[in-house]
1. When you scan segment A:271-283, how many residues do you find that are buried (at least 22 other Cβ atoms within 10 Å of the Cβ) and in contact with a Phe, Trp or Tyr (Cβ under 6 Å, 6 or more places away or on another chain)?
2. Scan (1) closer than 30 Å to B:GLU93 by Cα; (2) modelled with pLDDT of 90 or more; (3) within 12 Å of chain A (Cβ to nearest Cβ) for the single condition B:PHE173 breaks and write down its number.
3. Somewhere in segment A:78-97, is a residue open to solvent by 10 Å² or more (accessible area, probe 1.4 Å), in contact with a helix residue (DSSP H, G or I) (Cβ under 7 Å, 6 or more places away or on another chain) and within 29 Å of B:VAL192 (Cα to Cα)?
4. Among the candidates B:ALA126, B:ALA158, B:ALA145, B:ALA110, which residue alone is more than 13 Å from chain A (Cβ to nearest Cβ), of a type in the set (Gly, Ala, Ser) and surrounded by fewer than 20 Cβ atoms within 10 Å (Cβ to Cβ)?
5. Would you point out which residue out of B:GLY137, B:GLY202, B:GLY167, B:GLY195 is facing chain A (nearest Cβ under 9 Å), under 27 Å from A:PHE67 (Cβ atoms) and of a type in the set (Gly, Ala, Ser)?
6. Only one of these conditions is not met by B:SER213: (1) over 21 Å from B:VAL50 (Cα atoms); (2) open to solvent by less than 10 Å² (accessible area, probe 1.4 Å); (3) over 15 Å from the mean Cα position of the chain (by Cα); (4) facing chain A (nearest Cβ under 7 Å). Which number is it?
7. Output the number of residues of segment B:15-72 satisfying the condition of being open to solvent by less than 50 Å² (accessible area, probe 1.4 Å), among the β-branched types (Val, Ile, Thr) and assigned to a helix (DSSP H, G or I).
8. Condition test on B:GLY167, is it over 13 Å from B:LEU32 (Cα atoms), open to solvent by less than 60 Å² (accessible area, probe 1.4 Å) and without any contact (Cβ under 8 Å) to a residue 24 or more places away in the chain?
Amino acid sequence: MISGSILVLLLPLLTALPAYVFRQRRSLEVLMGLLACGLVVGVLLLPYDRSNNLLIGTLDLGRPIEFLGVTLRMHAYDQIALSMIFLCAMILFALSWRTSQGRTFIPLGLCVLSIMSAGLMIRPFAYSGLLFVIAAALVAIMIQAEHIGERSTHGAMRYLILSTLALPAFLGAGYYFNQANASGLTEEAAAVLFDNASIFLGGGFVLLLGAFPLFTWTHLVANDAPPLTTAFIATVCSGTISFFYLALKQELSWFRNLDGNTYIVAVSLIMIVVGGALAWAQMSFSRLIASALSVDIGANLLMLNQHVHQSVEAVALNVVSLTLSLGAVAIGLAILRGKARDDDFAELMGAARTGTSARLAALAICAGGMSLSGLPGSIGFVTRWVQARTIASTDTELAVGLLVAFASVGIGFLRGVSALISEKPKSTPQAQSANPADVAKPPINEVAALNAPAPSAFEAMPTEAMPMTEVLSQEMPLAANEMGALNEPQPVVEPQPQVNVAETLAERIAPLAISLPVIISLAIFYFGMSPVIFTTMAASLSRLFSFYR
Amino acid sequence: MNDVIALIEQLSRLAITPLLLSLVASATGIVLVRNWRLTLPILIAQYVLVGLLMARSIQPSLALIKLISGALVSFALSIAAQRADDMRAQRGESIAVERIRMVAWRSVPAQVLLRAVALLLVLTAAFGATTRFPLPGNARELHFAAYVLIACGLFIIATTPEALNIGIGLLMFISGVELGYIAVLPNVGVSVMIGLISLIVGIAIAYLTLADSEPLVL
């Protein structure tokens with residue numbers, strides 16, 4: 001009888017070796033990556049609740065393996081989570097076919113996939129933290145790729161440092177968990193120990209996800225790493241950690257009601273605010289991606305701490321949609337970085353006019369960026385909508401803030417794309433001294449037209465992804481606190497007083513109404529004096545038609 | 001192999017004070033000096049000391065893992081650092097050996113004194129943490145050693161820009177965490193895994209050291 005977890009770990013590891021051998025032949029390397037992920041997804045699609053006869057023997061997906069006091073076991077929800085992770089990795093590997101992401105991207109990516117999968121399935125959970133640090137060391141090499149030079153290692157080092165700092169948090173949580181489970185403790189004493197464990201664990205997750213606004217890895221990694229590697233870290237690595245968080249919520253009742261919850265929510269709010277405040281004003285694509293990631297990490301953490309069915313679905317959906325959105329942006333950016341020294345808007349001005357590949361790159365960035373910001377019609381909209389709806393059920397202002405942050409990301413991408421498709425300024429002294437911010441005004445119509453193919457490109461995925469995310473949320477009822485709420489003693493529910501809807505709405509809308517004029521005036525200021533904007537839009541539209549004629 | 005294990009067991013029974021003082025001295029050396037030809041040998045000595053301290057709590061054969069992984073990591077780092085120095089020498093930049101042979105005494109006090117003052121604060125903080133936030137268990141001396149390594153590791157990480165020095169700080173931090181955990185909850189699996197982490201982090205740092213040595217490419 002073969003354990004499913006062993007196959008999931010070994011298949012990528014074994015394929016990493018030939019992928020490394022063929023690293024000079026990118027097609028073969030990509031093929032190896034796709035083959036490994038495809039095989040694992042194939043294994044994961046087998047039924048969980050019965051034995052499966054394969055050529056090499058009988059496979060039992062849920063069969064545990066025990067060694068050195070640890071257990072490696074794939075649960076039903078791990079099966080779905082891993083399927084999604086490997087599918088996302090497959091997409092990113094496929095995207096790396098035409099743009100070099102460093103010779104170690106696929107071989108090390110496969111090793112990281114294997115180690116992260118082990119981290120998801122291994123128990124006691126302290127070992128997961130250890131495995132995530134090992135994966136982070138390999139990711140640091142992926143971030144560096146063939147990028148050389150002084151100060152070029154900051155992104156890789158920052159990611160490695162933050163992941164390593166999470167090590168004592170996981171070990172500490174493991175220690176307190178063991179102590180709390182020791183016999184002879186009173187319920188109160190055990191509760192205190194569980195509280196300590198939950199705070200340590202929460203801190204560990206915050207460090208692993210890089211969920212703090214300053215000195216985190218997002219900006220440095222987005223700047224130093226090849227774009228698809230950034231996407232790999234944000235989706236595959238952070239996605240696995242998110243699924244691990246959900247798995248712990250499913251398994252450990254004390255973690256479900258953790259004390260550190262408030263702190264994590266506060267951290268996620270700061271991430272959203274800082275990311276949203278910075279995104280619209282960024283002047284380079286790498287910094288813009290970093291700000292978008294900050295918003296996304298914040299939104300994801302909020303979802304992880306919501307105790308409803310939709311939040312699990314939103315986390316799962318986010319992994320898929322982020323892969324597609326960030327993958328599209330990354331592939332476009334990789335092409336453009338090959339044509340310019342860096343990815344500043346000023347440097348890339350007019351880059352979309354330099355050939356077909358550059359136009360496609362601009363299209364990919366536009367589609368991906370709009371999807372990241374949740375523009376209706378893109379796959380990102382599905383995720384953002386679920387996120388906003390979930391949060392709005394408990395906190396309307398927060399939901400509005402989240403939407404504003406997403407809009408800020410969208411504005412940032414509009415500015416970037418408008419720089420890409422605008423005419424390159426002539427190299428006169430006046431043009432050289434011109435502030436790029438003045439030139440990069442967002443032509444809304446151009447971007448809307450560019451984004452038109454995006455829904456058709458993405459429309460297949462939501463329907464494919466939705467059932468999977470639904471199944472995952474059904475497999476994790478405790479993470480959503482539904483069954484947990486049934487099993488645990490129910491508090492006596494006081495009869496709720498009648499709610500005056502008008503009053504509640506007024507109460508909720510009042511702060512918004514105060515901030516609305518500020519937002520509108522900022523928008524007017526940003527788009528550059530309202531009388532001018534219509535003429536600019538008309539000019540942009542005519543320029544677009546002439547551009548694509 | 002049995003002789004080595006027996007030797008570790010005997011050495012671990014030595015008085016704790018000299019071991020702790022040696023550990024503090026090694027941490028001080030690594031913090032003050034930023035020359036890999038000196039810091040890497042000190043790091044190996046520090047791994048030996050950490051192994052001996054660990055052997056007081058766990059089986060000496062497990063402490064041997066720490067020694068071996070530490071030696072391997074230091075060896076990998078020294079190869080990378082040597083290669084990086086070769087590349088710097090080709091560009092006519094100053095390298096580690098030259099900086100030892102011809103010490104720039106005028107600039108030394110400014111750098112070293114600042115680090116020494118900061119180190120004093122860090123060591124005081126480590127001592128304060130040992131008394132104010134004692135780890136569970138009775139092995140106070142191991143807790144102090146763990147706090148010293150963690151604090152000095154973090155200090156190096158925070159104050160140096162080069163990949164090699166940050167890596168050395170990171171390895172010290174990992175050693176401190178391991179020592180603290182082993183003192184609280186001796187565990188074979190965790191020891192083996194942290195040994196593996198040290199090795200892989202060491203390889204990653206060696207790779208980054210090589211990348212760091214090249215001139216900036218725009």
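1. Here the count works out to 0.
2. (1)
3. yes
4. B:ALA110
5. Working: B:GLY137 fails: facing chain A (nearest Cβ under 9 Å); B:GLY167 fails: under 27 Å from A:PHE67 (Cβ atoms); B:GLY195 fails: facing chain A (nearest Cβ under 9 Å).
Result of the check over B:GLY137, B:GLY202, B:GLY167, B:GLY195: B:GLY202.
6. The one condition B:SER213 does not meet is (4).
7. 8
8. Here the answer is no, as B:GLY167 does not meet what is asked.
The values are calculated or read from the model by the stated rules, or taken from the named source; none is laboratory data. None of these values were measured; they are calculated from a predicted model. In this analysis, Cβ positions are derived from the backbone assuming ideal geometry, glycine residues included, and neighbour counts consider all displayed protein chains. All accessible areas refer to the heavy atoms of the entire protein, side chains included, with ligands and DNA or RNA removed. Shrake-Rupley method; radii C 1.70, N 1.55, O 1.52, S 1.80 Å.
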